[in-house]
1. Assuming a ≥ b ≥ c are the square roots of the Cα gyration tensor eigenvalues, decide whether segment A:51-93 counts as rounded (a/c under 1.5), prolate (otherwise, with a/b larger than b/c) or oblate.
2. Highest GNM mean-square fluctuation, chain A, Cα pairs closer than 10 Å: which of A:228, A:144, A:178?
3. Summarise the partner chain shielding of A:28-39 as one whole number: the mean count of Cβ atoms from other chains within 10 Å of each residue's Cβ.
4. Where does segment A:152-235 land on the Kirkwood hydrodynamic radius, alpha-carbon pairs, in angstrom?
5. Can you give the helix-only mean residue ellipticity at 222 nm for chain A, where every DSSP H stretch with n ≥ 4 adds -39500 (n - 2.57) and the sum goes over all residues, rounded to the nearest 500 deg cm²/dmol?
6. Cα-based Rg (one decimal) and Dmax (whole number) for segment A:115-169, in Å?
7. R0 = 56 Å: FRET efficiency of residue B:38 with residue A:125, Cβ-based, nearest 0.05?
8. Take A:24, B:41, A:37 and order them by how many other Cβ atoms sit within 10 Å, fewest up front.
């Protein structure tokens, strides 16, 4: 495809001689910006890889790439998604292998180029190639409902809808859920796309006091199954400061445990839903189980 | 007292958020299923009917919309100049009100912004 000048891809862990594996494309999306898409992409991707799966996290946020930074790979970016889409680089040249988890790779977004450089045909080809190499392809969607967000979700088999317990985030999530059911490849083929709600920045104490939408409220409004509740935690900022998914920077922390549980549910396990807490005392115990 | 009051008044912003979202999203979902142009269509058709009989100044058409949980109201206020039946010569006004909701029977009397001497046309959806 790229001519004889390019060597065959290096030995990526997921590679299996071109035989199709049951790869899953997962889009992490939300509509609204700043709700935790990139943080969640990094944490979910890392947690999946930590469970032994071959995972690539793909940044679709062309022009405003940040997944590389959150993953701590910003200094290793040479080629990006658009280089691969346009045929300027081979996929294997653009993939960056994580230094902490062997089975985790990142495909960064371009920082400077035109958004229109991401073509539907090109994305389809790259996703197809990734399906041959990995078990999970986790796509970090840009905010908004425009072309970039639509491209990120187009090939998805499953979607994680990241939502804050806040009115504008819930409204935008509702729009995104509508788009998942109408504009994606699966929707157009009349197939279902599995949608999961990930509630982030949740504060159980404030919800219990009636100051914040409760899990039940958000679930009732959006009516898609809940995959996890990530508590508001200083560990999340600490992780991004360090350039590490929170499941790697502090696996024992409350948000990391919540992401690990979410990833187990993503893989079909049934677990009791709870909001993990870092608070020791009575307070933490009190609110630990107060969820839907 | 003030501490209690402030505690009490703070309770309840989340239920308000939930109720507002439920009403808004009920409408936005309906809009997503192809009803988004219903109001625009009604607006155009009502105007067309009236324009068949009298000259209507597009700048003198006011549209108000209130989306509620059970009932939505659409008010189209059209200023109709120089109706012959209007002996005072003052502009008349016709108003159409659309009740689009789960219980259209709950439509309230129309015409809050209607000139009372004209009977408003009531359009039910």
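All of the numbers you see were taken from the coordinates with simple rules; none came from a lab. Since the structure is predicted, the reported quantities are computational estimates derived from the model, not experimental observations. Ideal geometry is used to build each Cβ from the backbone, glycine not excepted, and the neighbour counts take in all protein chains shown.
1. Cα axes put segment A:51-93 in the oblate bin.
2. For chain A, modelled as a Gaussian network with Cα springs under 10 Å, the answer is A:178.
3. On the way: counts 0, 0, 0, 0, 0, 0, 0, 0, 0, 0, 0, 0.
Average neighbour count from other chains, rounded to a whole number: 0.
4. Working: mean 1/r = 0.0744 Å⁻¹.
Evaluated on segment A:152-235, it is 13.4 Å.
5. Value at 222 nm, helices only, nearest 500: -10500 deg cm²/dmol.
6. Answer for segment A:115-169, Rg first and Dmax second: 13.0, 40 Å.
7. Efficiency at R0 = 56 Å is approximately 0.85.
8. Exposure proxy ranking, most exposed first: B:41, A:24, A:37.
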